[in-house]
1. Accessible area of the range 110-151 with a 1.4 Å probe: how many percent of it is carbon plus sulfur?
2. Nearest 0.05, what FRET efficiency do LEU12 and LEU187 give at R0 = 25 Å with Cβ-Cβ as r?
3. Students sometimes get this wrong: rank ILE119, ILE81 by accessible area, probe 1.4 Å, all chains present, largest first.
4. Mind ranking THR175, THR43 by accessible surface for me, highest first, 1.4 Å probe?
5. Kindly provide the trypsin sites (Lys or Arg not before Pro) of the range 1-84 that DSSP labels as loop, not H, G, I, E or B, and whose Cβ sees at most 10 other Cβ atoms within 10 Å.
6. To the nearest whole percent, what portion of all C-alpha pairs in the range 90-196 is separated by more than 21 angstrom?
7. Dipole of the chain, Cα-centred, from +1 at each Lys and Arg C-beta and -1 at each Asp and Glu C-beta, to the nearest 20 debye?
8. Counting alpha carbon pairs within less than 8 Å and at least 6 residues apart, what relative contact order, in whole percent, applies to the chain?
Amino acid sequence: MVKVLMSTLSALISFYTLIIVVRILLTWFSGPLGYGRVYFFLTRITDPYLNYFRQFPVFKVGRFDFSPVAALIALSVVGNIFHSIALFGRITLGSIMAFTLEAVWSAVSFFLFLYLLMIVLRLLGILFHSNTTRPLWMTLDMLLSPLLIRITHLFTKKPVSYIHGLLLGFAFLLTVRILGGLLVGRLTALLYRLPF
């Protein structure tokens with residue numbers, strides 16, 4: 001009975017997560033698709049949960065609001081807890097810590113991949129001598145510059161060219177993604193083996 005209940009709760013959380021993702025994606029569009037009946041229905045279902053995370057200033061970095069990411073991480077952890085109880089009939093603190101670490105790393109890894117992709121696009125734009133005043137390149141420069149400045153300051157206090165900053169940023173983020181993935185994999189394996 002408990003396994004069936006936990007399995008049902010896990011499935012409901014997965015479905016609710018999907019609804020939140022759809023709601024977030026719809027905010028990127030305007031017009032009838034973005035603000036139609038579906039959007040307003042989804043906001044009624046998802047906003048009470050998302051608003052809980054929006055109240056914490058720690059999830060806001062400049063113009064960016066990462067509260068939906070935190071909300072999805074929390075759902076992922078709870079869903080994994082229910083799924084684990086459904087499969088094994090129990091849960092350990094080590095498993096909960098492993099689920100949390102995996103969920104956080106998944107979000108971090110996604111953003112690392114996104115920045116790596118933006119750097120590659122920007123390097124291709126430079127390589128093919130694209131017009132740098134186009135909105136795409138200006139947006140990429142606006143998103144990449146603060147991060148690239150911080151990364152280059154880790155290695156040198158001297159100013160570097162934008163291309164060198166892009167290459168250094170790419171190498172650094174790729175290294176973080178690879179080494180972070182290996183470290184998280186080992187840590188989660190250790191956490192899963194904890195007896196408590």
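1. 76
2. With a Förster radius of 25 Å, E is 0.30.
3. These residues rank, largest area first, as ILE81, ILE119.
4. Ranking THR175, THR43 by accessible area, largest first, yields THR175, THR43.
5. On the way: sites: LYS3, ARG23, ARG37, ARG44, ARG54, LYS60, ARG63; in loops: ARG63.
Qualifying residues, ordered by number: ARG63.
6. Values: 2748 of 5671 pairs.
Tail of P(r) above 21 Å: 48 percent of Cα pairs.
7. With Lys and Arg at +1 and Asp and Glu at -1, about 160 debye.
8. Answer for the chain is 24 percent.
The values are calculated or read from the model by the stated rules, or taken from the named source; none is laboratory data. Predicted, not measured: the structure shown is a model, and the values here were computed from it. With ideal geometry, Cβ positions are generated from the backbone for all residues, glycine too; neighbour counts draw on all protein chains shown. Remember, those area values only see protein heavy atoms, side chains included, never the ligands or the DNA or RNA. Shrake-Rupley method; radii C 1.70, N 1.55, O 1.52, S 1.80 Å.
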